[in-house]
Structures are given as structure tokens and as C-alpha cells.
Amino acid sequence: MKSVIVAVSVTVLMMGSKLIDSNSAFLFKDQNKYIIVIHGGVGTISREMPDSIKEDYLRSLSEALTIGKTILHNGGTSLDAVEQVVKFLENDPKFNAGKGAVYTSEGTHELDASIMDGRDLSCGAVAGVRTIKNPISLARLVMEKTSHVLLVGEGAETFGKKMNVQLVPNNYFDTPKRFEQWQKAIQKETKGTVGCVALDIHGNLAAATSTGGVVNKIPGRVGDSPIIGAGTYADNLTCAVSCSGKGELFIKHSVAYNISALMKYKNYSLNDAAEEMIHNYITEGDGGLIAVDKNGNYAIVYNTTGMFRGIANSEGIFEIKIWD
Ligand code: GLY
């Protein structure tokens with residue numbers, strides 16, 4: 001069996017991305033193996049938080065994870081799983097994405113999101129959108145319905161209208177919690193982002209990330225979440241990654257792509273690659289990431305006090321955590 005896998009891998013490399021889908025499916029489909037990891041952001045998350053708030057977070061993460069796990073368990077695609085999980089988290093005001101997006105310095109909201117399909121490196125992203133209820137779904141439409149990767153601002157909104165996605169007034173994203181946070185401009189607690197990575201039973205990897213960005217940002221500021229290779233990356237030959245933290249650092253160091261590159265060119269394990277990027281390139285307290293690889297391994301690495309996260313797989317693991 002081992003020699004068959006090696007031969008198939010060589011074929012994939014020689015014949016180009018179209019074959020990745022069918023060949024990687026051959027590698028994994030008999031195993032019915034899937035894995036999904038989600039995150040709801042990193043930051044200074046106090047262990048002293050009231051039980052009721054903690055339970056609220058855990059319940060939301062558990063619901064999100066169940067949505068993704070059910071899709072994968074029923075043979076659905078990793079792409080559908082990551083989109084639906086992120087969409088659910090976007091609709092939850094607790095997380096800094098979609099409904100819970102932070103305020104800009106002008107008291108508005110500007111949202112970013114991206115999605116990537118590891119089968120053929122297809123990807124789509126939107127940045128600086130103000131009236132799109134679910135930016136992750138618009139990012140998927142950019143991927144599937146245009147020849148572009150990233151649409152921003154008004155152009156993205158116009159495309160959204162054309163695609164009949166749900167539009168909302170910008171004040172739909174107003175929430176008391178984010179207003180208070182904006183007033184206090186507590187920068188250190190504003191690394192919220194949501195994301196999901198998954199491997200499906202067909203052997204395909206996908207990643208999705210969505211955010212409201214950083215609180216009090218200058219309108220027009222774009223972080224790592226909609227930048228393919230910075231906050232999001234997926235390649236069936238290596239891994240799928242979704243990041244959370246100070247976006248500027250993740251852009252400078254192309255964190256998500258570099259994890260894939262370390263695996264591809266330097267033979268790093270997923271965990272070693274993730275540790276390398278977070279601990280050597282992201283300053284202490286500024287970020288974290290979730291990742292899964294083509295063999296069903298996962299990595300959750302952060303240098304903040306906590307990360308809202310969950311993991312489920314075909315072996316029956318189902319875990320939700322905030323701290324170590
Ligand atoms: N990581 C989210 C942002 O910086 O916008």
C-alpha cells in the first residue's frame with residue numbers, strides 16, 4: 001500500500017492540480033477519516049470570567065463544531081463544513097466577525113473574510129465590506145463565480161447584491177459589548193476572529209477565516225484574514241490553516257502559507273511548522289492558529305493566554321477549550 005501512495009503522489013506532482021482531487025480522494029476515502037478544528041479568536045481571555053459567560057462561549061463553540069462535524073460525518077465536503085461553521089460564528093454576536101464585528105474609529109464596521117479549497121488552491125476573499133451579513137459566503141462566491149481572488153469595499157458590495165446575498169444596514173453589526181469595548185479601546189482584547197479548517201473523507205482540505213478586524217481601526221485597514229497565505233491557506237498536498245491575532249504580523253510573515261511551505265519544502269511536521277511560525281515570528285501575546293494536515297493530524301498553537309476553540313474527528317474526539 002505504501003508504494004501505491006508514493007506512486008500516486010508522484011503522479012499528482014507531475015500532472016498538476018486537477019489530479020489532486022481524484023488522487024487524494026483515492027488516498028483517504030477508504031478510511032472515512034475526517035477532522036475539523038474551529039476557533040473563535042485568541043487574546044487575553046481571563047480565567048476569572050463568570051461561569052455563565054464561559055458556558056455561553058462553550059455552548060456556541062459546541063454548536064458550531066457540531067454543524068461542521070455533521071457535514072463531514074455525512075460525507076459532505078470540507079469546503080461546505082468550513083463555510084457553514086464560520087457562517088454560524090459570524091451570526092453569533094459573541095465573536096468578532098459578522099454580527100459581533102468591532103467598531104472602526106468612525107463607529108462603523110468593516111468586515112473581512114476568506115476561504116480556500118485545498119483541492120486546487122481555489123480561493124476567494126472580501127475585505128472592508130459594510131453591508132454583507134455573512135462575508136464568508138460572499139468570499140466563497142468570489143471564489144466560485146469570478147476569476148478573481150479578492151474583492152474590496154464597494155465593488156464587493158455590488159457583487160454581493162448581484163449574487164443576491166443577504167444585505168443588512170451597517171448598524172446591524174452594532175452590539176453593546178463591542179460599543180463598550182470601542183469606548184474603552186481595549187486593544188489587547190481585540191484579536192477576535194473566527195475560523196475553521198477541515199479534512200473531509202474524500203481527502204480534501206479547506207480553510208475559512210472571518211473577522212471584524214481590530215477595534216478602533218482606521219477605516220480601510222485590512223488585516224490578515226482575507227489575505228490568502230497570511231490568515232488562511234489550504235493545499236491538499238500539505239495542510240489547511242486559519243489564523244487569529246495581530247493581522248499585520250501575520251501578513252508580514254505570510255504565516256499560513258509558510259506553514260504549508262515548511263511542510264512541503266522542509267519536511268516539517270504540521271505541529272513543528274505551526275510552532276515555528278507562532279513562536280519565532282509572532283510576538284508574545286499576539287496570535288495563534290489552528291491547522292489540520294492531509295493525514296488528519298491537527299495543530300493548535302497560540303502565544304496568548306487563551307484561544308476559543310474546538311476539535312472533532314472521525315475517531316470520536318469532540319473537545320471544546322478556551323485555555324491550555
Ligand atoms: N486577525 C484579524 C485582523 O488582524 O484583522
- Using 1/(1 + (r/R0)^6) with R0 = 25 angstrom and r between the beta carbons of SER147 and ILE218, what's the FRET efficiency to the nearest 0.05? 0.25
- Message: Among 254-261, 278-285, 58-65, 132-139, how do they line up by average Cβ neighbours within 10 Å per residue, starting with the highest?
- Response: 132-139, 254-261, 58-65, 278-285
- Just name one of GLY43, THR77, LEU61: the one whose Cα is farthest towards the positive end of the charge dipole of the chain (beta-carbon charges, Lys/Arg +1, Asp/Glu -1). THR77
- Spin-label point model (7 Å from Cα, Cβ direction): what's the GLU48 to ILE317 distance in nm? 3.3
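Relative to the Cα centre, what is the charge dipole magnitude of the chain, using +1 at the beta carbon of each Lys and Arg, -1 at the beta carbon of each Asp and Glu, and rounding to the nearest 20 debye? Each step should come with its number before you reach the end.
Details: 32 positive and 35 negative charges, 71 e Å.
Its charge dipole is roughly 340 debye.
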- Once both labels are modelled 7 Å past Cα along the beta-carbon direction, what's the ARG59-GLU248 spacing in nm? 3.8
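Using only alpha carbon positions, build the gyration tensor of region 140-254, then give the equivalent ellipsoid semi-axes as the square roots of 5 times its eigenvalues, largest first, whole angstrom.
Values: eigenvalues 133, 82, 35 Å².
After scaling each eigenvalue by five and taking roots: 26, 20, 13 Å.
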- Query: Mind ordering 148-157, 38-47, 226-235 by average Cβ neighbours within 10 Å, highest first?
  - Reply: 226-235, 38-47, 148-157
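Between beta-carbons, use under 13 Å as the cut-off and find the net charge around MET277, counting Lys and Arg +1, Asp and Glu -1. Can you show the working numbers first?
Details: positive: LYS252, LYS266; negative: ASP224, ASP272, GLU275, GLU276, ASP286.
Here the charged neighbours net out to -3.
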- Selection from GLY285, ASN216, ILE228 lying farthest towards where the dipole of region 177-313 points positive, charges on Cβ: ASN216
- Excluding residues on the same chain fewer than 8 positions from LYS246, give the aspartates and glutamates whose Cα lies under 12 Å from its Cα. GLU189, ASP224, GLU284, ASP286
- Item | Set of aspartates and glutamates with alpha-carbon distance to LYS99 below 14 Å, sequence-local pairs under 8 removed | GLU90, GLU110, ASP112, ASP174
- Note on the structure: Working note, the chain: Cα radius of gyration (Å, one decimal) and Dmax (Å, whole number) are 18.4, 61
- Calculate, for the chain, the solvent-accessible area per residue in square angstrom, rolling a 1.4 angstrom probe over the heavy atoms of the protein chains. 41
- Task: Mind ranking 164-177, 192-205 by how tightly packed they are, going by the mean number of other C-beta atoms within 10 angstrom, highest first?
- Result: 192-205, 164-177
- Expressed as a whole percentage, what fraction of the accessible surface of the chain belongs to carbon and sulfur atoms when a 1.4 Å probe is rolled over the protein heavy atoms? 53
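The values are calculated or read from the model by the stated rules, or taken from the named source; none is laboratory data. What you see is a predicted model; the values in this text were computed from it and never measured. No Cβ is skipped: glycine too gets one built from the backbone with ideal geometry, and neighbour counts run over all protein chains shown. Each accessible area value is taken on the protein alone, full model and side chains, heavy atoms only, with ligands, DNA and RNA left out. Shrake-Rupley method; radii C 1.70, N 1.55, O 1.52, S 1.80 Å.
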